[in-house]
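**Q** One structure is given below, represented as structure tokens, and several questions about it will come after.
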Amino acid sequence: MIRSLLILGILAFFAVLLAMALGSVNIPLLDLWQTIQGEGSALNRTLLMDLRLPRTLAAFATGGLLAVAGALMQVLLRNPLADPYVLGLSGGAAVGALLAMLSGMGALLISGSAFAGAMLATLLVFGIAHGTGSWTPSRLLLTGVVVAAGWGAVITLMLAITPSYKLPGMLYWLMGDVSYARSPWPALTVLVLAVVLIMPLARNLNVLARGPLQAAALGVAVRPLEWMIYLLASLLTATAVTTAGSIGFVGLIVPHMLRLVLGNDQRIILPASALAGGALLVLADTLARTVIAPEQLPVGVITALLGVPTFLYLLHRSR
């Protein structure tokens, strides 16, 4: 366990270094090291500390949040192909953000509106799925799919009536773009606190993954644990979407591939997801910044191009 996390930590560290060194202007490793030590030219310090480092940390935090949320959703729904967006949270966040953009609000209010929309989607799905009785994973999943389709229709309507000069920014947000991130520290704080909070419950999650009846027979409080997983995964997803928009496939691919390599022990999967998800999105964002430099692609395009064939492979393997 320690060795696997150490390897992932080293890979994540080198991914961050690579992201800081590469871009429209490449910085040699020696200059990078001097700048980190507080030396080097003023231009390099501005480029690294004011531009690339915040963006890289935001990408790492967003990828970690999505991967941990995906791992939790897969345990909650007992479906290895579930992802953080399966319950419609990204749709609610997108509607909130697009409404703020249409109203001409600033970046801070756009982020706040996205978070509020994601929380509204959480309450809506949970309320409908619960109804007058208890909910089941299948009922929760079906409710989320239907609500997500409803959010998609609202988004399409909003894009159809939006003035043409506002469309590029809205489309970039929908595709996911780390350049919109204002500060990485709120997302990083939520990621660290979530991993610290969930790790003591990892043993119970291992039992819950085998089914609610077995978990209840072994003394696990199934219903409160499921509520906590759902709310925590929703919070992580809402924070990620608020930080960088709707970035797909990270929360689906990373936990599933880690299970193929490391097994299904949540004590390893959850922290490993945070490290691997962060490293993956940092590398994807680096590729998005450099592949057609000085122009930049939305990082969601890169994750989709990587995620679609990987998902098809996993789907074929699970068959």
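The values are calculated or read from the model by the stated rules, or taken from the named source; none is laboratory data. Being a predicted model, the structure only gives us computed values, none of them experimental. FYI the Cβ positions are ideal-geometry reconstructions off the backbone, even for glycines, and counts take in every protein chain you see.
**Q** Name the one entry in A153, A160, A187, A194 that is modelled with pLDDT of 90 or more, surrounded by fewer than 16 Cβ atoms within 10 Å (Cβ to Cβ) and part of a helix (DSSP H, G or I).
**A** A153
**Q** Same structure again: All but one of (1) closer than 18 Å to P184 by Cα; (2) over 20 Å from the mean Cα position of the chain (by Cα) hold for G263; which doesn't?
**A** (1)
**Q** Check E226, E295 and return the single one that is part of a loop (DSSP other than H, G, I, E, B), surrounded by fewer than 24 Cβ atoms within 10 Å (Cβ to Cβ), more than 18 Å from the chain's Cα centre (by Cα) and among the charged types (D, E, K, R).
**A** Answer to the check: E295.
**Q** What about V254, is it of a type in the set (A, V, I, L, M, F, W, C), surrounded by 23 or more Cβ atoms within 10 Å (Cβ to Cβ), under 30 Å from L208 (Cα atoms) and in contact (Cβ under 8 Å) with a residue 60 or more places away in the chain?
**A** Taking the combined requirement at face value, the residue satisfies it.
**Q** Right, A82: within 26 Å of L120 (Cβ to Cβ) and among the small types (G, A, S) or not?
**A** Yes: the conditions hold for A82.
**Q** Looking at T286, T243, T239, which one is in contact with a Gly (Cβ under 9 Å, 6 or more places away or on another chain), over 17 Å from G9 (Cα atoms), among the β-branched types (V, I, T) and buried (at least 18 other Cβ atoms within 10 Å of the Cβ)?
**A** Among T286, T243, T239, only T286 is in contact with a Gly (Cβ under 9 Å, 6 or more places away or on another chain), over 17 Å from G9 (Cα atoms), among the β-branched types (V, I, T) and buried (at least 18 other Cβ atoms within 10 Å of the Cβ).
**Q** Of everything in region 34-59, what is surrounded by fewer than 13 Cβ atoms within 10 Å (Cβ to Cβ) and either at negative phi or in contact with a helix residue (DSSP H, G or I) (Cβ under 7 Å, 6 or more places away or on another chain) (or both)? Give them in sequence order.
**A** Q37, E39, S41, A42, L43, T46, D50
**Q** Okay, next question. List, please: which pairs have Cβ atoms under 6 Å, are six or more places apart or on different chains, and start with a residue in region 213-227 that is of a type in the set (V, I, T) and end with one that is outside any loop (DSSP other than H, G, I, E, B) and at pLDDT 85 or above?
**A** V220/N204; V220/V207
**Q** Which condition number in (1) over 30 Å from D265 (Cβ atoms); (2) buried (at least 18 other Cβ atoms within 10 Å of the Cβ); (3) free of Cβ contacts under 8 Å to residues at least 60 places away in the same chain is the one that N204 fails?
**A** So the condition that N204 fails would be (1).
**Q** Just to be sure before I move on: is G63 in contact with a helix residue (DSSP H, G or I) (Cβ under 7 Å, 6 or more places away or on another chain) and free of Cβ contacts under 8 Å to residues at least 40 places away in the same chain in the structure I sent?
**A** The answer is no for G63.
**Q** Can G277 be described as surrounded by 24 or more Cβ atoms within 10 Å (Cβ to Cβ), in a helix (DSSP H, G or I) and touching a residue at least 24 places away in the same chain (Cβ under 8 Å)?
**A** Taking the combined requirement at face value, the residue satisfies it.
Residues checked against (1) over 21 Å from V250 (Cα atoms); (2) surrounded by fewer than 15 Cβ atoms within 10 Å (Cβ to Cβ); (3) at pLDDT 85 or above:
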position: A61; (1), (2), (3): no, no, yes
position: A69; (1), (2), (3): no, no, yes
position: L72; (1), (2), (3): no, no, yes
position: M105; (1), (2), (3): yes, no, no
position: G112; (1), (2), (3): yes, no, no
position: T132; (1), (2), (3): yes, yes, no
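**Q** Another question, if that's okay. Please go through region 163-173 and give me each residue that is aliphatic (A, V, I, L, M) and either buried (at least 18 other Cβ atoms within 10 Å of the Cβ) or in contact with a helix residue (DSSP H, G or I) (Cβ under 6 Å, 6 or more places away or on another chain) (or both), ordered by number.
**A** If the condition is that a residue be aliphatic (A, V, I, L, M) and either buried (at least 18 other Cβ atoms within 10 Å of the Cβ) or in contact with a helix residue (DSSP H, G or I) (Cβ under 6 Å, 6 or more places away or on another chain) (or both), then M170 is the only one that fits.
**Q** Any residue in region 6-22 that is touching a residue at least 40 places away in the same chain (Cβ under 8 Å) and within 30 Å of T143 (Cβ to Cβ)?
**A** Looking for residues that are touching a residue at least 40 places away in the same chain (Cβ under 8 Å) and within 30 Å of T143 (Cβ to Cβ), one finds none in region 6-22, hence no.
**Q** Quick one: which of V207, V220, V178 is among the aliphatic types (A, V, I, L, M) and under 23 Å from L11 (Cβ atoms)?
**A** Residue meeting the stated conditions: V178.
**Q** May I ask you to verify whether S113 is more than 19 Å from A149 (Cα to Cα) and in contact with a helix residue (DSSP H, G or I) (Cβ under 8 Å, 6 or more places away or on another chain)?
**A** In short, yes.
**Q** From (1) closer than 30 Å to L225 by Cβ; (2) at pLDDT below 75; (3) among the hydrophobic types (A, V, I, L, M, F, W, C), pick out the condition that doesn't hold for L6.
**A** It fails just one condition, (2).
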